[in-house]
Every structure is written in structure tokens, then in C-alpha cells.
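Report on the following structure.
No value in this document is a laboratory result; all are computed from the given coordinates. What you are looking at is a predicted structure, and each value in this text was computed from that prediction instead of being measured. As a convention, Cβ positions derive from the backbone with ideal geometry for all residues, glycine included, and neighbour counts pool all protein chains shown.
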């Protein structure tokens with residue numbers, strides 16, 4: 001009853017990549033504004049060993065319109081953030097989350113103006 005078993009660790013790298021609170025707040029804020037504009041209706045979050053992915057859907061039963069991926073292994077190369085479109089094209093990649101979300105922000109401005 002008094003035996004404590006530590007979680008297995010792989011050394012330096014965590015076993016699961018996740019979003020920090022400020023990152024998730026920024027992503028969910030954008031998601032909420034897109035829902036209010038009537039464009040998105042559902043989302044999914046996948047936390048894996050290599051990446052954390054936030055996927056936004058126009059409808060529940062189709063492919064995500066955008067995926068926001070965080071891949072810390074690419075931090076020193078192309079940047080750990082990527083915005084990926086519905087058919088797998090990389091729309092934007094970078095080291096900071098804000099500029100990577102900029103194409104969706106611009107689209108939101110167009111949705112509100114119409």
C-alpha cells in the first residue's frame with residue numbers, strides 16, 4: 001500500500017506533447033470567434049508523442065478545415081507551429097503562434113464584413 005511507482009520517462013523528451021495554457025487560450029479564442037461568425041461548428045484535439053494538433057471543422061462529419069500543429073522537434077528548424085489546410089497543404093509555418101494564425105484572422109475579418 002505504501003509503494004510508489006514512478007511514471008516511466010524517456011529521459012529528456014516528454015511522452016506526450018501538449019498545449020500550454022496561453023497557447024490553448026489563443027487558439028480557443030479564435031475558434032470561438034469563428035463559431036460566432038457561423039463558420040466552424042466542431043473541433044478536436046490530439047495530443048501525441050510527436051505533436052499536439054488542434055483541428056477545426058465546418059461540420060462534424062468531414063475533414064478539418066484547418067489543423068494547428070505544435071511540433072517541438074522542429075523548433076530550431078522551420079518553427080514548431082504549422083497551419084495546415086484541409087487537403088494537407090502547409091499554409092503557414094513559424095516560430096510564434098500569432099503569425100501562424102494570421103491567415104485565419106484575415107479570413108475572419110472577411111466573414112464579418114460580408
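The stretch between residue 102 and residue 45 holds 18.5 nm of extra length on full extension. This uses 0.36 nm per residue minus the Cα-Cα distance. When the Gaussian network model of the chain links Cα atoms closer than 10 Å, the mean-square fluctuations of 86, 23, 62 top out at 62. In this simple spin-label approximation, residue 29 and residue 58 carry label points 7 Å from Cα along the Cα→Cβ vector, and these lie 2.7 nm apart.
For Cα extents along the principal axes in Å, computed directly from the structure shown, the correct entry in (1) 63, 36, 25; (2) 74, 35, 21; (3) 61, 33, 23 is (1).
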